[in-house]
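The structure appears below as C-alpha cells.
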Amino acid sequence: MALSVNQERFVDLWGSMGVFWGINRSMARIHAYILLSPHPVTLDEVVAQLTISKGNASMSLNELRHWGVIHRSHQRGDRRDYYTAEPDTWTMLFQIAKERKRREFDPALDALRDLLGEGECDATPEVAERLQELEKLMSLGDRVAGKLLVDVKKSRSVLTFVKLFLAE
C-alpha cells in the first residue's frame, strides 16, 4: 500500500507521539502504517514502505504484538506472517494504558514503597511527609487503574459514563 502525503504525515506524527506511550519512533510508525492499511501487511511490505531495516521491523512487530495493538495471522499456502491492527480503538487504548502501567507506573510505585519501607529515606521530616503523600496518591491511582484496567468491557462502561458526563 503506497502512502498518500496525508497518510505519510500521520505515520510520522504517530511515530513522534509514540514516546508518550513508551515506544520508539519506528515502532509507532509501523503501528500507524498498519492502522492505515485496509488489508493485512507483511514484514516485507512494512520494510519497503517505511524504509527501515528488516531487523528493526521484525522486532517492532513482535513488540507491538506483545502490547496487544496488532495481531498476526497466516494465509493458506503462504508461509509469511500477516499483521493487522487491533480493530477496536478502545481496546487498543486500553492495551496501551495497561502496558504503560505495568512497565512504568508499577515499578515506580514499588521503588517508592521500598524507599519508605526500608527506612532509607533519611530525609528531613518535610521530604519524608512529601514522599508519604506521594505514595498515598500513587496508591490511589494504582487502585483506580487496577479497577479500570482489569477488563476492557468494564472500562468501556467508564467510557460510556465519561461520554454522558461530557455531553452537551
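A few points about this structure:
- Any hit, region 59-73, residues being over 22 Å from residue 103 (Cα atoms), in contact with a strand residue (DSSP E or B) (Cβ under 7 Å, 6 or more places away or on another chain) and assigned by TED's automatic domain parsing to the domain that holds residue 15: yes
- Which listed residue, of 1, 17, 59, is closer than 30 Å to residue 150 by Cα, modelled with pLDDT under 95 and of a type outside the set (Lys, Arg): 17
- For region 115-168, taking the residues that are farther than 20 Å from residue 101 by Cα and of a type in the set (Val, Ile, Thr), the one that is modelled with the highest pLDDT is identified as 127.
- Flag for residue 80 being farther than 23 Å from residue 149 by Cβ and in contact (Cβ under 8 Å) with a residue 24 or more places away in the chain: yes
- Helices (runs of 4 or more DSSP H) fully within region 49-149 that include at least 3 residues being farther than 16 Å from residue 31 by Cβ and over 19 Å from the mean Cα position of the chain (by Cα): 106-117, 125-148.
- Test: residue in region 16-23 that is outside any helix (DSSP H, G or I), within 18 Å of residue 96 (Cβ to Cβ) and touching a residue at least 24 places away in the same chain (Cβ under 8 Å): yes
The values are calculated or read from the model by the stated rules, or taken from the named source; none is laboratory data. Keep in mind that what you see is a predicted model, and the values were worked out from it rather than measured. FYI the Cβ positions are ideal-geometry reconstructions off the backbone, even for glycines, and counts take in every protein chain you see.
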